[in-house]
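Bear in mind that the values in this text are calculations on the coordinates, not laboratory data. What you see is a predicted model, and the numbers here were worked out from it, not measured in a lab. No Cβ is skipped: glycine too gets one built from the backbone with ideal geometry, and neighbour counts run over all protein chains shown.
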């Protein structure tokens, strides 16, 4: 619950404000699935080639072909699930082109993303081995748009059959004896758009057909995910719930935070305070979108057996000047970090239905964790939010009531100046994450946690001088985590001073 006092945009320029939070630790029930912190890797731009994969013969340090620096950075944020090979690329991807000796793999043109020639040196084996090494679940997006039922069925067999089946034999010929465990299978992607421009009625029938032949082999149980709606298309969800129902385990949803003024998505780094506040409002709008899709699902699935999977989300700005058109390379400022933190705060409230989310994308594309250029690597502000919030993975959500001021911005959006979430991990440790989106003023936050004996705390903070700041290859550590000391403890409450434009996570001792 959030209570708000309305300010105009100019009103935030003067006095420090105060917010109050009541954490209901005794009402904790819902687990925050670690898969909420999922990643997405598409064959797009340099996400795969030069991002995740450089090949074993590269002069860039690597572990079996995977960039060492990127691999270690991803290990550090505990990636729980990785979606691949798309995105729009998935419905043009034919998996047999990406197996076997690399010198024999055919090339293809990536028509969706810049017409880049794809050499297929990163395929099924390379992806699933990476997931094993990272310790994360693979999420395969199957080709329904241009692929056949037989092709998808054989792909599942290749990956998961441990027996003496034809595709298992082929996998062994390619150097992998043991079948992989593959839980998540997307039956198509954006079937309403780049995945085939289908009507929901037609797609529903295709899902029923394709999913029938995606078998469970040798103890591997597939979690079949239908290609769901784009943001506000509530009819798509309604039709799929009616026509597919419990034949699907999950249904996807895509939502991007896009500025979209004057025919442009807006610059990733050159924006006004007004643009920034509008972006905060747009990213928070995801809550109403989730609620409306969940309400439709509740009509057909009161027991919440069908999961909502928000498998594409994040910011989408104009490509950086001088980069390859269609590669969607964008910088990542403190503004993007706030989109991540505010979005996670919302996700945590709906995990009775929302079971996975995958930010777009992991390296060098859209709101990425990591940027690379040759041998250089940069961790983005968004990466640090994932690092701060990893304490909430598989923790128990603690409901809270928050009262704070809001800022009124363009289009009459009313944006709360403070956002927060709290959880208790398996060891009983309570973590609270808070964001002050005010670009000018600090916020004093009083946090009450009845029944909890607070002896101390540790904390870390993410902030910078300007909301437009970012980490570049020339200055890779401009925005990074620092210790946070701005907490005073008084019995069962905390007084926290959040600096302007800051994100904080504290652990109670």
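On a 0 to 90° scale, report how tilted helix 234-243 is relative to the longest principal axis of the chain, with both axes built from alpha carbons and the result rounded to the nearest 10.
With rounding to tens, the tilt is 50 degrees.
Using a basic spin-label model with each label point 7 Å from the Cα along Cα→Cβ, how many nm lie between residue 478 and residue 270?
Taking the two extended label points, one gets 1.4 nm.
Calculate the tail of P(r) for the range 34-394: the fraction of all Cα-Cα distances greater than 37 Å, expressed in %. Don't skip to the end; give the middle numbers.
Values: 9051 of 64980 pairs.
Here the tail beyond 37 Å accounts for 14 percent of pairs.
Helix 124-134 against the longest principal axis of the chain: what's the angle in degrees, Cα atoms only, rounded to the nearest 10?
40
Test of understanding: ordering 366, 170, 417 by Cβ neighbours within 10 Å, fewest first, what list do you get?
Numbers: 366 28, 170 16, 417 25.
Final ranking by Cβ density, sparse to dense: 170, 417, 366.
How many nm is it between the label spots at residue 231 and residue 491, if each spot is 7 Å from the Cα in line with the beta carbon?
If labels sit at residue 231 and residue 491, their model points lie 4.7 nm apart.
What is the mean projected area of the alpha carbon convex hull for the range 49-160, to one decimal in square nanometres? Kindly include the intermediate steps, with their values, before the conclusion.
On the way: hull surface 29.0 nm².
Seen from a random direction, the Cα hull of the range 49-160 projects 7.2 nm² on average.
When only Cα pairs under 8 Å and 6 or more residues apart are kept, what is the percent relative contact order across the range 387-509?
Working: 244 pairs, mean separation 36.2, N = 123.
Taking the mean separation of contacting Cα pairs over the length of the range 387-509, I get 29 percent.
What order do you get for 43-54, 144-155 when each peptide is scored by the mean count of other beta carbon atoms within 10 Å, highest first? Numbers along the way, then the final one.
On the way: 43-54: 23.6, 144-155: 18.1.
Going by the mean number of other Cβ atoms within 10 Å, highest first, we get 43-54, 144-155.
For the pair residue 458 and residue 292, how long in nm is the line joining their label points, each one 7 Å along Cα→Cβ?
Rounded to a tenth, the inter-label distance reads 4.3 nm.
Before anything else, pin down the relative contact order of the chain: Cα pairs under 8 Å, at least 6 apart, normalised by residue count, whole percent.
Relative contact order of the chain: 21 percent.
In what order do 113, 313 fall by count of nearby beta-carbon atoms within 10 Å, going from fewest to most? Walk me through the numbers before you get to the answer.
Details: 113 22, 313 25.
Sorted ascending by nearby Cβ count, the order is 113, 313.
For the chain, take the longest principal axis of its alpha carbons; what is the angle in degrees between that and the long axis of helix 334-347, to the nearest 10 within 0 to 90?
Its long axis makes an angle of about 80 degrees.
Taking the number of other C-beta atoms within 10 Å as the exposure measure, put 296, 32 in order starting with the fewest.
Numbers: 296 20, 32 24.
Ordered by Cβ neighbours within 10 Å, fewest first: 296, 32.
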